[in-house]
Every structure is written in C-alpha cells, then in structure tokens.
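In what follows, a structure is listed as structure tokens, so that the remarks can point back to it.
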Amino acid sequence: MHKKVVIDPKIKDDLIWASGHFLCESLPENFDKWTDKKLNKFIENNPWEPFQYWPANLIWDEILGLAHSMREYTK
C-alpha cells in the first residue's frame with residue numbers, strides 16, 4: 001500500500017516552482033493528491049539532464065530544500 005503525499009498547502013506553490021529547477025516538467029497542481037509511488041514515478045520520468053541518474057528521493061530532497069530556502073528568503 002502506498003501512502004498519499006502530505007503537503008502543507010502553504011508551500012504547495014513553492015514546491016511546484018522549485019520543481020521546475022530540477023525537472024523538465026514542473027509538478028502539476030494536483031500532485032498533492034498523488035501517492036508517493038506516483039510522485040516518485042513522475043520525478044523519475046522528468047529529471048532535468050544533470051539529475052537524470054539521481055534517485056527520485058534525492059531529487060525530491062533538492063526540490064524541498066529549494067522551496068524552503070526560497071520561502072525563508074522572501075520572508
């Protein structure tokens with residue numbers, strides 16, 4: 001059983017924005033309704049070339065980190 005991705009609604013747009021720096025296609029608006037398996041598959045299928053051999057969880061960590069940094073910077 002795969003669990004649903006849990007996203008704080010306050011940072012959802014930040015994650016979509018940040019994903020465009022690591023993926024060829026940014027996360028869609030409904031990604032927060034996906035299971036972790038579907039999210040990982042999307043990331044694996046859409047890495048930007050420098051990240052094409054990275055596992056999905058490491059790319060996701062980079063997306064989270066950039067989204068968090070951008071949020072802190074704009075405060």
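Here are some notes:
This table checks each residue for (1) of a type in the set (Ser, Thr, Tyr); (2) more than 12 Å from the chain's Cα centre (by Cα).
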position: 13; (1), (2): no, no
position: 19; (1), (2): yes, no
position: 26; (1), (2): yes, no
position: 29; (1), (2): no, no
position: 37; (1), (2): no, yes
position: 44; (1), (2): no, no
position: 47; (1), (2): no, no
position: 52; (1), (2): no, yes
position: 57; (1), (2): no, no
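- Among the residues of region 50-64, the ones that are part of a helix (DSSP H, G or I), without any contact (Cβ under 8 Å) to a residue 24 or more places away in the chain and either of a type in the set (Asp, Glu) or within 18 Å of residue 36 (Cβ to Cβ) (or both) come to 5 in all.
- Single residue of region 28-49 satisfying the filter (assigned to a loop (DSSP other than H, G, I, E, B) and in contact (Cβ under 8 Å) with a residue 24 or more places away in the chain) that is nearest to residue 8 (Cα to Cα): 34
- When residue 58 is tested against (1) closer than 14 Å to residue 5 by Cα; (2) out of contact with any Ser or Thr (no Cβ under 9 Å at 6 or more places or on another chain); (3) among the aliphatic types (A, V, I, L, M), only condition (1) is not met.
- Within region 1-26, the set of residues being in contact (Cβ under 8 Å) with a residue 24 or more places away in the chain, assigned to a loop (DSSP other than H, G, I, E, B) and within 13 Å of residue 67 (Cβ to Cβ) comprises 7, 21, 22.
Rule-based calculations on the coordinates, nothing more; no lab input. Note that the coordinates shown come from a computational prediction; the quantities given were computed from them, not determined experimentally. A quick note on method: Cβ atoms are made from the backbone with ideal geometry, for glycine too, and the neighbour counts reach across all protein chains shown.
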